[in-house]
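Reading through the structure tokens given below for one structure.
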Amino acid sequence: MSVRPVDAALEGLRTMRRKPLPVLAWATFSLVMLPILGLFAKIVLGDEGRAALAGRAGSADPREILDLITHLGGVMVLLIAVALALSSVLQAAIIRSVIEPQNDRFAYLRLGKEELQLLIVSLITWAAALGVTVIPSGAVVLGASLLSGAAAGWFATLGALAVIGLSLWVAVRLSLLGPHAFSHHHIDIREAWVQTHGQFLRLLGMYILAIILAALVSIIGTTVSTIIGNVVGGGVDPAAGDVVASHPRVILVLLANLLLAPVFLTLQTVILVAAPAKAFAQLNQDEIDAGLHD
């Protein structure tokens, strides 16, 4: 059996259509957990940590990001772990709705072995991403620094393309590790890697389409937020200062955006997580139908 890219990429949209109540429950979960995560971050970071984070907000310089992580130390590790844990609960619910649609208690949300395994999978994925980007990128930078002129430019360009290609290849080959661990009830990197053999281009096409759909959801979310802002906050200039900041309409706009952001983020997550789960189901449908993955 093989992956059907379009069918897999559209699974998230089908999930929204077939299971609106669970999707609403997932959005509510995000709506509740994101502010809690933000409050937790505010508490554990403290004034100094928040100042350091604000000072590097929006920075794309890897050295600054590494300095920030080093500066915050264990606090940043703790925040990342909590964020990944919450993400694992949501991902497990989405995967469960695709692979085990009949197991719909509590809107597919659980807190157990599968969620823990997906948390470990997330850590493995992060480690793999660092391994295939940071180390090769460092080698490219070092190599370019030893050259000069056009040779340095060509080496840097070709090296960057090679790093991007390597990262993309590893990401796709490991992309079914989460659904594989969920379905088999244990983490097996080798078997998950073998599962994608001969499916690279199909999976890549699936992810490209899924990312396009997720981007469209983001555009829709921004459009809806803008419309609500124009309707509710009409006639109020957000740049007018502190007096306007306390205007009831501005408060309503901010509240609406605060409520909408987790909802559309959840819909994007459904699209991006349901796709590989469906691809895994397509590759293993006979075994799943036979109950070998229960």
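The values are calculated or read from the model by the stated rules, or taken from the named source; none is laboratory data. A quick note: this is a predicted structure, and the numbers were derived from the prediction, not measured. Every residue, glycine among them, receives a Cβ derived from its backbone with ideal geometry; neighbour counts consider all protein chains shown.
Of the residues PHE40, PHE29, only one is at negative phi, at pLDDT below 95 and within 18 Å of the chain's Cα centre (by Cα); which?
Every option except PHE29 fails the conditions.
Checking the structure you have, find out if any residue of segment 76-94 is over 18 Å from the mean Cα position of the chain (by Cα), modelled with pLDDT of 90 or more, closer than 21 Å to ALA9 by Cβ and assigned to a helix (DSSP H, G or I).
no
Does ALA107 satisfy the criteria of being modelled with pLDDT of 70 or more and small (Gly, Ala, Ser)?
yes
Say whether the condition of being in contact (Cβ under 8 Å) with a residue 40 or more places away in the chain, surrounded by 13 or more Cβ atoms within 10 Å (Cβ to Cβ) and closer than 23 Å to MET33 by Cβ is met by at least one residue in segment 125-134.
yes
Kindly provide the set of residues from segment 164-208 that are among the charged types (D, E, K, R) and within 18 Å of GLY12 (Cα to Cα), ordered by number.
Matches in segment 164-208: ARG202 only.
Only one residue in GLY178, GLY198 is loosely packed, with under 13 Cβ neighbours inside 10 Å, in contact (Cβ under 8 Å) with a residue 24 or more places away in the chain and either under 15 Å from the mean Cα position of the chain (by Cα) or within 18 Å of VAL3 (Cα to Cα) (or both). Which one? So that I can check it myself, show each step before the final result.
Working: GLY178 fails: loosely packed, with under 13 Cβ neighbours inside 10 Å.
Of GLY178, GLY198, the one residue that is loosely packed, with under 13 Cβ neighbours inside 10 Å, in contact (Cβ under 8 Å) with a residue 24 or more places away in the chain and either under 15 Å from the mean Cα position of the chain (by Cα) or within 18 Å of VAL3 (Cα to Cα) (or both) is GLY198.
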